[in-house]
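A.B. asks: Structure provided below as C-alpha cells; questions to follow.
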Amino acid sequence: IILLTLLLLLPGGGLFAERIAVPGTIAVFPVQDAGLQLNALSRKSADSVTDVFDRLGRFLPVDGDRVQRAMETMPKGSGDEALIMATRELGADLYAVVSVSLESGTVIGTIAIRPVSPSYGRLQQDITVRSKVLMNIPLKLAREIALLHKDMAIETRVMETREGLSLLDAGQWHGLAPGRYRTGSGASIDIRNTGRHRSLAVLPEGLSPSS
C-alpha cells in the first residue's frame, strides 16, 4: 500500500497539502423535526453536502433513497445508536447528520460527522454555519465540506508495473489528477494519466513492486 500524503507540487513551487487517509463511504441524514420550512432547508442542505462529497470523490455517498428508507424505520427522536445501526446496515463508514434551526432571526446549519469504523475516528467533528438568509445555509455547509477535503489524503495500491508505468487503484473519483505528488515518506510520484478509478504513474524504485 502507498499512502499518498499528496503534497501536490504546483507551478511556482507552491504546495497543496493533504494529510489524512480517507477512502470510504458516508451516509448523510437530514434532521426532519423543525417544521416544514426548516425541514425543507435541512433536506436541501443534505443534498448540497451529498453533492460535494460525490463530486470530490473521497467518499462515496449512500444513495439518498436508501438513506430515506433507513430514516423511515427509525422511531421518532432516535439517538446516536439508531443512526450508528442504520449506517452500518447501509454499509457506510461514517455518517453526517445535517440539521437547521432558527435562533433570534439567525438561521443555523450544522453537520455532525461521526465515524462508525474505527479507522475514521480522526474525522469526527461538528461544523456550524450561520446566516440571516435561509438559502445561504446549503451553500455555506457545502463550502465547509469542500474545505474539509483539503486535509484529506488518498490511500492507493500499486496493482502492476509495466515498462516504467505503475497502475494505481485510485483515480479521478478519489481526487487524483495528472501532476506530481509526494508520499508520506517524501518520495515523488508523477501521475501521468487518470481514469475514474485507476491512474498511471511513474514511481521511484523504492515504491515499485518490481524493485
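A.B. asks: In this structure, does ARG43 turn out to be free of Cβ contacts under 8 Å to residues at least 40 places away in the same chain and exposed (fewer than 15 other Cβ atoms within 10 Å of the Cβ)? Explain how you work it out, then say what you get.
C.D. replies: Working: free of Cβ contacts under 8 Å to residues at least 40 places away in the same chain: yes; exposed (fewer than 15 other Cβ atoms within 10 Å of the Cβ): no.
Spelling it out, it is not the case that ARG43 is free of Cβ contacts under 8 Å to residues at least 40 places away in the same chain and exposed (fewer than 15 other Cβ atoms within 10 Å of the Cβ).
A.B. asks: When the range 85-111 is examined, which residues are found to be more than 20 Å from LEU38 (Cβ to Cβ), open to solvent by 50 Å² or more (accessible area, probe 1.4 Å) and in contact (Cβ under 8 Å) with a residue 24 or more places away in the chain? Spell out how you get there, then give the answer.
C.D. replies: So the first thing to find is which residues in the range 85-111 are more than 20 Å from LEU38 (Cβ to Cβ), and the list is 85-95.
With the extra rule that they be open to solvent by 50 Å² or more (accessible area, probe 1.4 Å), the set shrinks to 85, 88-89, 91.
ARG88, GLY91 - these are the residues of the range 85-111 that are more than 20 Å from LEU38 (Cβ to Cβ), open to solvent by 50 Å² or more (accessible area, probe 1.4 Å) and in contact (Cβ under 8 Å) with a residue 24 or more places away in the chain.
A.B. asks: Mind checking whether some residue in the range 168-190 is exposed (fewer than 15 other Cβ atoms within 10 Å of the Cβ), out of contact with any Gly (no Cβ under 6 Å at 6 or more places or on another chain) and of a type in the set (Lys, Arg)?
C.D. replies: There is at least one residue in the range 168-190 that is exposed (fewer than 15 other Cβ atoms within 10 Å of the Cβ), out of contact with any Gly (no Cβ under 6 Å at 6 or more places or on another chain) and of a type in the set (Lys, Arg).
A.B. asks: If you don't mind, there's one more thing I want to ask. Is there any pair linking a residue in the range 112-128 that is in contact (Cβ under 8 Å) with a residue 60 or more places away in the chain to one that is hydrophobic (A, V, I, L, M, F, W, C) and open to solvent by 30 Å² or more (accessible area, probe 1.4 Å), with Cβ under 8 Å and at least six apart or on different chains, and which?
C.D. replies: ARG122/ILE20; LEU123/ILE20
A.B. asks: While we're on this one: State yes or no: is GLU144 closer than 30 Å to LEU38 by Cβ, at pLDDT below 95 and surrounded by 14 or more Cβ atoms within 10 Å (Cβ to Cβ)?
C.D. replies: Details: closer than 30 Å to LEU38 by Cβ: yes; at pLDDT below 95: yes; surrounded by 14 or more Cβ atoms within 10 Å (Cβ to Cβ): yes.
Considered against the rule, which asks whether it is closer than 30 Å to LEU38 by Cβ, at pLDDT below 95 and surrounded by 14 or more Cβ atoms within 10 Å (Cβ to Cβ), GLU144 comes out as yes.
A.B. asks: Here's a follow-up. Against the condition open to solvent by 50 Å² or more (accessible area, probe 1.4 Å), modelled with pLDDT under 90, farther than 30 Å from LEU90 by Cα and outside any loop (DSSP other than H, G, I, E, B), how does ARG122 come out, does it pass?
C.D. replies: Working: open to solvent by 50 Å² or more (accessible area, probe 1.4 Å): yes; modelled with pLDDT under 90: yes; farther than 30 Å from LEU90 by Cα: no; outside any loop (DSSP other than H, G, I, E, B): yes.
Against the criterion (open to solvent by 50 Å² or more (accessible area, probe 1.4 Å), modelled with pLDDT under 90, farther than 30 Å from LEU90 by Cα and outside any loop (DSSP other than H, G, I, E, B)), ARG122 does not qualify.
A.B. asks: Out of the range 58-116, which residues are part of a helix (DSSP H, G or I), touching a strand residue (DSSP E or B) at 6+ places or on another chain (Cβ under 9 Å) and either farther than 21 Å from THR25 by Cβ or of a type in the set (Asp, Glu) (or both)?
C.D. replies: ASP80
A.B. asks: Looking only at residues in the range 191-211 that are over 22 Å from PHE53 (Cβ atoms) and at pLDDT below 80, which one is most open to solvent (accessible area, probe 1.4 Å)?
C.D. replies: GLU205
The values are calculated or read from the model by the stated rules, or taken from the named source; none is laboratory data. On a predicted model such as this, the values are computed, not experimentally measured, just so you know. All Cβ positions, even for glycine, are placed from backbone atoms using ideal geometry, and neighbour counts span all protein chains on display. Please note that ligands, DNA and RNA were not included when accessible areas were found on the heavy atoms of the full protein model with its side chains. Shrake-Rupley method; radii C 1.70, N 1.55, O 1.52, S 1.80 Å.
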